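Notes for the one structure printed next.
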Amino acid sequence: MLKGIRSRLTVYITLVLLLIVLLLEGVFIAAVHYYYLGSAMETLNSRAATSATFFNKYLEGFSLKDRARYILENLSTEESSKVEVLNAEGQVIINSFGFSSGEQVSTPDVRTALTSGKGNYQSLNPVNGERIIAVSIALKDYGSTIGVLRYSVSAEPLYAVIMKIVLNAAIVGVLVIGFGFGLSLIIAKRIVGPIQQLTGVAKEMATGDFTVRAAKQYDDEVGTLAVTLNYMSEEILKSEKIKYDFISSVTHELRTPLTSIKGWGETLLVGDLSDKQETLQGLEVMTSETDRLIGLVEDLLDFSKFQAGEITIVRQPYDLRGLLEDLLLQFRYRGQTKQIRLYANIPDQPLPVDGDFNRLKQVFVNLLDNAFKFTPAEGAVSMTAELREALIIITVADNGEGIEAADLAQLGTKFFKGRSRQSGSGLGLAICKEIIELHDGRLRIESEFTKGTSVIVELPLYRMTQHVPPPLYL
């Protein structure tokens, strides 16, 4: 069995070349055969027709024997053909050698000449030791056939020439096939070589070595595959780096609250529990750090569910305006605590959406939380909502530290946190993006470093056929 591409390619090219050579050889041999034998037959036809016409015209009234004697006496000394005169029964009256053998000739040319005036014959197999070409033309007397004038010649010399030409052609064909076989080996090697090199690179990558690169040898499909393989390797390296950075970041994020909780726990254990202020302060810190831990774990769980495709949203129509107003009330107190101004611009008309209330709340809580986290004291955070054709557009903007251009393109991808030193898992925006896309919407981020960031959420407007009251918030 031919298992390799090189073997199959070599065999296929050789077979195609063999078929072409055989076809051309066949056409060539047929042409040579037709040319030599056809020329000989044409010459015999011309000589026999000329002689028969002459004798029929000028020897009319003579007996067949007299005609035969006259024909024999007037044959050219250079005539190489065997000339025979036959009677109406096909018996030889006389031939060019001067013999009257009385031999019965029953070849097809004689029979045809006796019935229709002219006949040709070519023996493909030797008859009496040789192959012949013969032409027979009827001898007539006042319109009646009295005999046959037959010209014949041995075809063996012609077949010898033809066989020599065929042998030479066969030798040339074998050389062509041999040359084609060698050329197919070279072509197969040039085609398969780059593929084998790519296979080796792919095996190296499969073992975890993504630093190896494939060489682009030709500007073709294989070259494109090499470029694609290198691009894939670079993307995997980037993804691996982001993943390792994420693990390091999450490890740090988990260690910090755990260290605080453990530290305050030990302080309370060895301390004076009668100091109520210190005890409350410790419990407050432990509660706050526990909330941070819960948030990190929830982000990880949510993201793993999104990656596994296990997150489903339960849609129902409701007015998004109520959710946004509740969040503004919730974060206004936080703004007062951090000395950050919170502005809002929400239209009076309903903002109907068909979505999952809890998941959309998760998105906007995350966006507002990020805005407050990255905005310094005395800064400002704003939330605006507007209706634009068939879209509801909600923008959460801040005038905080902003995002560098190098990080902006990757923000919102999994595991990417950027260069910020603020706490967080780096999964929040990725999760928000997934939720918005599940709602057939889009999340965009615009930012200018040191000047602030705007996160724009676009959701499709739900066309309500009747008034749908907003859900009750507990």
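A cut-off of 5 Å between modelled amide H atoms, ignoring neighbours fewer than 5 places along the same chain, links L139 with I146, G147, V148, L149.
Per-residue ellipticity at 222 nm computed for the chain from its helices equals -19500 deg cm²/dmol, with DSSP H segments shorter than 4 residues left out and the rest contributing -39,500 (n - 2.57). Based on alpha-carbon centroids, what's the gap between the stretch 91-120 and the stretch 184-234 in Å, whole number please? Centre-to-centre distance over Cα atoms comes out at 78 Å. Between D66 and K262, the simple spin-label model (points 7 angstrom out along Cα→Cβ) gives 14.5 nm. Projecting the Cα atoms of M41, V83, Q277 onto the dipole axis of the chain, where Lys and Arg carry +1 and Asp and Glu carry -1 at the beta carbon, places V83 farthest toward the positive end.
Taking a straight Cα-Cα cut-off under 29 Å and skipping sequence neighbours fewer than 8 places away in the same chain, the lysines within cross-link reach of K57 are K65, K82, K118, K140. Ellipsoid semi-axes for the chain, based on the Cα gyration tensor and the rule √(5λ), read 111, 29, 17 Å when sorted largest first.
Summary of the geometry: the stretch 29-51 and the stretch 263-284, compared by the centres of their Cα atoms, lie 125 Å apart. For the stretch 17-96, the Cβ-based charge dipole about the Cα centre amounts to some 140 debye (Lys, Arg positive; Asp, Glu negative; other atoms uncharged). Projecting the Cα atoms of L459, N128, S144 onto the charge dipole of the chain (Cβ charges, centred on the Cα centre) puts S144 farthest toward the positive pole.
Cα-based radius of gyration for the stretch 104-144, normalised by 2.2 N^0.38 Å, reads 1.30. For the cross-link pairs K216/K243; K305/K338; K338/K361; K243/K373; K262/K373; K189/K238, which exceed 31 Å when the distance is taken from alpha carbon to alpha carbon? Distance filter (> 31 Å) returns K305/K338; K189/K238. All Cα-Cα distances of the stretch 1-93, cut into 10 Å bins from zero to the largest, leave 12, 26, 17, 12, 10, 9, 8, 5, 1 percent in each bin in turn. Between the residues F28, F181, P376, the greatest Cα displacement towards the positive end of the dipole of the chain, with unit charges on the Cβ of Lys, Arg, Asp and Glu, is found for F28. Starting from a Cα-only point model with no solvent, please compute log10 I(q)/I(0) by Debye for the stretch 5-160 at q = 0.10, 0.14, 0.15, 0.19 1/Å. Summing over Cα pairs of the stretch 5-160 leads to -0.44, -0.70, -0.78, -1.14.
For the stretch 318-374, the calculated P(r), taken from all Cα-Cα distances in 10 Å bins from zero up to the bin holding the longest distance, is 21, 52, 24, 3 percent. Shown here is the pair-distance distribution of the stretch 221-308: with all Cα-Cα distances grouped in 10 Å bins from zero up to the longest one, the shares run 15, 27, 21, 16, 11, 6, 3, 1 percent.
At full extension, E378 and S100 could sit 86.1 nm farther apart than now, given 0.36 nm per residue minus the alpha carbon distance.
Only the coordinates and a few stated rules stand behind these numbers; no lab work does. Remember, it's a predicted structure, so these values are computed and weren't measured experimentally. Quick reminder, even Gly has a Cβ in these numbers, built from the backbone with ideal geometry, and neighbours come from all protein chains shown.
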